[in-house]
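What follows is a single structure, written as structure tokens, with notes after it.
Values quoted throughout were computed directly from the atomic coordinates according to the rules given, and no laboratory measurement underlies them. Because the structure is predicted, anything quoted here is derived from the model rather than measured. Note that we place each Cβ from the backbone using ideal geometry, even for glycine, and neighbour counts take in every protein chain shown.
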């Protein structure tokens, strides 16, 4: 989703730097100041490198300076490795030297409760238009510049994936893992305490960096969910957010100090902004590798295999993922028969048989890549004694290069070390290759998902505010010291904000009730009292009232009996609501500590009460996002029609938009039920807390 | 689940063989007869090895014989590699030589339509009490005997997993994979066409083989589902059944020629028999490795980690898997504080911090293994520059050995090649270790699942048959040439088989209807006609009838109007059923081509119509399995109570058992709805096809 946000933070000193100062550089290999300087040098960075250290004149063969102010030329980037107590002063020196970008490796700030120094650093940065990453980080890498400004490993493969990690420890471990798996990185950024540069800044910087195809984020929590939500996403962003479970969120909170909001809301936010959420590293990196491919131009997928078993597994995985396999038996027979022996199968999966060698694969892949009827290709290989997987891999890569990579192709090779080498060969040639068919299918799927995100219509949040009379009403109620609105107040506010309700009336006397009930039957009658929360418990609810006489009986009975059960309750009168049939929905709004106001939608009854089948969106959102919200609940089929009842989607969407007008005014809204039928959707009961 | 089945097929010649004849042995390395003989010799088999070949006197240094009858001693096992046209005659020779076990590598039988020869082979085997695997196989391996009677790779690690594969190609590929992943195998059996020995035979053999801990089956289809269902399972059996999806099942059918039944029924059968179903190789082998561990003696799990991030991920995975993390902050503080620096965390996950070395791990693991309060241990390691993962792995293994492996411990190491070596070290030391936390958690979970299966009460299927009058009734209907029973017939059969129905009556005339309706109001009335299937369409259904007058009106209206809409329909009268409130369920019975009669259960309404939330069991099963069936649907919470209604589970269970009496007599039963309320469960409508 393209947003209008304008990116302003200047990160050029990190990713387009010509000169790096390592503050705290050391000749002692056990010091981080040594490791970082050593990595900068060993990585092959071609710009100026300035060790900064008050004692030494030369470190690792580079002239050393006492302070940044002694450095003759400009410094684009300073990497600070000195102990925490000296960092504030050093930031000031950097500011004076007009260093615009700083990586603060040093720990000992907010993560251990030292917020004061972290805030001072941030203030210096803001006043001097500097941007810094950290503190409390591993550092960062940017392979297009051969810049390794981290104390992590030295060997790293270059590629076009930017990996942004909240955890430095995990980043180190995964650097080793990416090398082992032949996964190339364009950048790795350790975010640490995120006192300044955060995920949004990096995503928006990488939006304009041709060296980066995809951003992969490991996230434990967010400082400001709403800021992140407003990130402009132009390239695929994959988020691995841990703390999904209740206990996991608690563990994340104790680990990072960042507040971990409800996972369902993170999930909603990721969907809303168009980020791709992965649930494991295997998935996240598996997906990231897929973005080396062109996006699919259509749905039709062909599977080439040398083994029936993996063909079946892949068929299963494709059906489960919603990937369409090309089904045109006559056509595939005509095109593929020549690629295989008689006992091969031309029914997709195309089984070129276990005897298939390089030529068989080459032919089948060429056809798959050249035929316009085919939009995506999955190549499977099951290791045999008669073929060398590396030869097959080379043939695949060569064919793919020859057609100029015009459609996505993913591969899964099952076997031992030889297959593993073949997988790595493919990966190095930008063909995403996996050791399981599920991963290959998942990689292809994510390309479709991303394509859908790119093509989805832009949502335009409404700008409407609640009418002034509603603002006044709520202010008045607050002044009275009340927070839970009375039923008729809530219903009135709903109506004034454009949320239809069934016919309803508030009446103080039985005569008023009978008069107002005209044309409302059958109706429900409920006692109106600020003091009674559970109305049913005191006999304060009567359903299916069908005439004036019944109103009289029930009204009088309530006024006589309720004071016996609730002697101190003030009885204001009764609320009457026309009984309405339709599909029961619920709409809620509440304030999430991370994201602010969020709207919830679900189906009523078993769906919400037993299945907890609800979904969220962060306010503000418009009609298009509201429609997606509705479509994201599991039971959404019910809305399309069930046993003769059908929901009125347009009015549900309208309601989802209308309630947002109240976002700045209320703490909580709970419309339950919202009854939706042929004629519209009606807020039968609304609970509002201000 | 322990069943009474008695195992009879003798497989000693495969797994306790003293002499192997390779029929079709060849000196030409391109021949399978060479490869197998070479593998038998190279594998180190210590028994007698007899190459059989009409031409050579010696092959690969072994004396060769013209035929099995020329071999001087006994032959326990013959491996047949000669072309298909000669196999029948060779089987006869083997029979004469009293060879009891044969592996038929040769292809060209049922898989290409040559059923005749396959049947001949089977006949010879049966007549001579021989057991054979294949034809159309890779062969088999049994590492305790160092016997590699396959044309697969030679290098294989020994272990206690038996891998049984329907696909030879996949078995070869996975042999390489297991070696690469340091996974040891006790046996690998390629099943091929399964003309004789099948999964059941092997599982029941391995039940009594101490060299095997767990059986892992790759399955594309079954020849006889019911036979497989009756397998006696004494050790964990992991099944990877492909063809889950509709299209995948079709692909599997075209690949193997075996009929692939509905996946939901396979799923039910696996649950019923106590087999563990995996959905990928990674899971299947990941689980299999876990069975090297002792089963957990309780639920309390501790997580030891050197990184917060992987700790949080593990917490997520545990909560999702239902694994309980020990939560006793004071106790863990007391026990674990001494294992870590001040900034470590003693709240489970126990974070001994990134600086933790061998000693830190050693201490934390020792406490975890020694304290009785802890039942399961998960060790996490995130690769750092300061520790060598192999040292950590060695410490883990040593501590585990020291306490004599008294509780399960699983490990996840995240990192590069060094971590990978450490994982392999742990695997070789029978500590299941994985490169992802999800897999480690899944491995621990499967131990709990298996323990639950071992401890679950034994289900005893009922023996009851349908009463003779029901048998007579159905026979009579069949004789009349009818297959769909009339409503009142179906209801009568339900009642006679012990399935309660609401009060109901069949009436031919309006007077009879009024008379019989006494005490049944409110009731529903439906036209009874063998010719009208959609009664509502012709106005043949009236609901909520509350008195005699209404019966008269509706009856007469039906008799007048229906003949206008359906002039040729024979109208027999009306069925009247008391209206019943409660929770709507459905129960069905049908015949699965693989498994025979199966019973389905689900909740009515949206659950079945929109969510397809139904579950199956294969007939026969008893009350315990019926209870499990009910518990296996997603919406089962509804049965426990929803909006004041609660299902009557006992009577649902009774009904699930009672309908089975009809299994031999009917093709299909569909009780929809079965209404369950405080008083019981009532078959309101039953559709029976005979």
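Observations, loosely collected:
- B from A by rotation - nearest chain A beta carbon to the axis, in Å: A:606, 4
- Ordering A:295, B:485 from the fewest to the most neighbouring beta carbons within 10 Å gives A:295, B:485.
- Entry note, the stretch B:583-689: relative contact order of 30 percent, from Cα contacts under 8 Å with a spacing of 6+ residues.
- Calculated on the alpha-carbon coordinates, the convex hull of the protein assembly as shown measures out at 215 cubic angstrom per residue.
- Ratio of the Cα radius of gyration of the stretch B:583-689 to 2.2 N^0.38 Å, where N counts its residues: 0.98
- In chain B, the longest principal axis of the Cα atoms and the axis of helix B:649-658 are about 90 degrees apart.
- By the beta-carbon count within 10 Å of each Cβ, the least crowded to most crowded order of A:557, A:658, fewest first, is A:557, A:658.
- Centre separation in Å (Cα based) which lies between the stretch A:593-633 and the stretch B:520-569: 44
- With the convex hull of the Cα atoms taken as the outline of the stretch B:12-290, the averaged projected area works out to 13.5 nm².
- Over chain A, Cα pairs under 8 Å with separation of 6+ residues give a relative contact order of 9 percent.
- Highest average packing first - A:402-415, B:183-196, Cβ atoms within 10 Å: B:183-196, A:402-415
- Label spacing, shortest first and in nm, from residue B:496 to its equivalents in the remaining copies (7 angstrom along Cα→Cβ): 7.1
- Each peptide in B:305-314, A:486-495, B:159-168, B:118-127 gets a packing score, the mean of other Cβ atoms within 10 Å over its residues, and the list from highest to lowest is B:305-314, B:159-168, A:486-495, B:118-127.
- Normalised contact order of the stretch B:12-290, rounded percent, pairs of Cα under 8 Å and 6 or more residues apart: 13
- As an equivalent ellipsoid, chain A spans semi-axes of 56, 40, 18 angstrom, where each value is the square root of five times an eigenvalue of the C-alpha gyration tensor, largest first.
- Once the Kirkwood radius over Cα pairs is known for the stretch A:542-607, the Stokes-Einstein relation at 4 °C and 1.567 mPa s delivers a diffusion coefficient of 82 µm²/s.
- Counting neighbouring Cβ atoms within 10 Å and putting the fewest first, the residues B:244, B:401 line up as B:401, B:244.
- The overall shape of the stretch B:301-455 is rounded: from the C-alpha gyration tensor, with semi-axes ordered a ≥ b ≥ c, the ratio a/c is less than 1.5.
- For the residues of B:301-310, the average number of beta carbons from a partner chain within 10 Å of their own beta carbon is 5.
- Rounded to 10°, Cα long-axis angle of helix B:389-402 versus longest principal axis of chain B: 80
- Semi-axes of the equivalent ellipsoid of the stretch B:455-604 are 32, 20, 15 Å, computed as sqrt(5λ) over the eigenvalues of the C-alpha gyration tensor in descending order.
- With the convex hull of its Cα atoms as the shape, the stretch B:113-236 has an orientation-averaged projected area of 8.0 nm².
- Antiparallel bridge percentage (DSSP; both residues within the protein assembly as shown; nearest 5): 50
- Distance-filtered residues of the stretch B:372-391 - backbone nitrogen under 14 Å, label point 7 angstrom along residue B:358 Cα→Cβ: B:387-391
- Shielding by partners for peptide A:237-247, expressed as the average number of C-beta atoms from other protein chains within 10 Å of each residue's C-beta, is 4.
- Distribution of pairwise C-alpha distances over the stretch B:230-355, 5 Å bins, in %: 2, 9, 13, 14, 15, 11, 9, 9, 7, 5, 3, 2, 0
- Cα centroid of the stretch A:172-195 to Cα centroid of the stretch B:183-231, whole Å: 44
- Relative frequency of Cα-Cα separations exceeding 14 Å in the stretch A:503-578, percent: 52
- Judged by the mean number of other Cβ atoms found within 10 Å, the most tightly packed of the peptides A:375-386, B:52-63 leads the ranking A:375-386, B:52-63.
- Between copies, the label points of residue B:128, set 7 Å from Cα on the Cα→Cβ line, lie 9.3 nm apart, reported in increasing order to one decimal in nanometres.
- Averaged over peptide A:412-419, the number of partner chain Cβ atoms lying within 10 Å of each residue's Cβ comes to 5.
- In this assembly of identical copies, the label point of residue A:46 (Cα plus 7 Å along Cα-to-Cβ) is separated from its counterparts by 6.5 nm, sorted shortest first.
- Degrees between helix A:263-273 axis and first principal axis of chain A (Cα, 0 to 90, nearest 10): 70
- Each residue, residue B:560 and residue A:342, gets one label point 7 Å from its Cα in the Cβ direction; the gap between the two is 7.4 nm.
- Helix-only [θ]222 nm of chain B, DSSP H runs n ≥ 4, -39500 (n - 2.57) each, per residue, nearest 500: -11000 deg cm²/dmol
- Every pair of different Cα atoms in the stretch A:374-418 enters the Kirkwood calculation, which places the hydrodynamic radius at 11.4 Å.
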